[in-house]
Ligand SMILES: [Zn+2]
């Protein structure tokens, strides 16, 4: 059975996801390939658990967005940002908010720690898209969405689209597929 994409304003996107525990690992191993499937189908570069209704602190990513490039597939369990540096203000797109692209203020670099599926802890220092990924996806694990960080002007501009997504949700319809202006959705 496949997993389904969760779209705004589904209340699951507002929940704080639970930490992955050792006893969750069987379920995690089963869920990881299905999360990658959804991510590739939506042509994203990263996906957080709540975006498929899996309320655990898990992120899958492939910054190349190329399903053939298995070497670039990463799974981050219980990720935490330990340090932020600098600042960027770049376009961002979210798979759970189809059609919305806006500039979001983020740290330009992060030091993050996480566990892999073998239970080994890693530390990573990264910038650019990788830094954006950690910040955007950890926000998802905390129930925070891009719209919470958008300017009032951007919110106003996208109000009709947000309304449409709200109508789709109410009618239990999958939102229209809208290509985002950014090629790297999260
Ligand atoms: Zn997102």
Among 118, 72, 127: highest mean-square fluctuation, GNM of the chain, C-alpha pairs under 10 Å | 118
Estimated FRET transfer efficiency when R0 is 25 angstrom, pair residue 30-residue 89 (beta carbons, to 0.05) = 0.05
In nm, the gap between the two label points placed 7 Å beyond Cα toward Cβ at residue 68 and residue 174 is 2.6
With springs connecting C-alpha atoms under 10 Å apart, model the chain as a Gaussian network and identify which of 92, 15, 23 has the largest mean-square fluctuation.
-> 23
Rel. contact order, % - alpha carbon contacts under 8 angstrom, at least six apart, the chain = 26
If R0 = 22 Å, then residue 151 and residue 108, at their Cβ-Cβ distance, give a FRET efficiency to the nearest 0.05 of 0.70
Given the options 166, 30, 137, state which has the largest fluctuation in a GNM of the chain using a 10 Å cut-off (strictly under) for Cα springs.
-> 30
Sorted from fewest to most neighbouring beta carbons within 10 Å, what does the list 8, 40 look like?
-> 40, 8
With label points built 7 Å along Cα→Cβ from the Cα atoms of residue 21 and residue 167, find their separation and express it in nm.
-> 4.4
For n ≥ 4 DSSP H runs only, could you compute -39500 (n - 2.57) per run for the chain, divide by its residues and tell me the 222 nm figure to the nearest 500?
-> -9000 deg cm²/dmol
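Bear in mind these aren't lab numbers, they're just calculated from the coordinates by the rules spelled out. Since the model is a prediction, treat every value here as computed from it, not as a measurement. Reconstructed Cβ throughout: ideal geometry from the backbone, glycine too, with neighbour counts over all protein chains shown.
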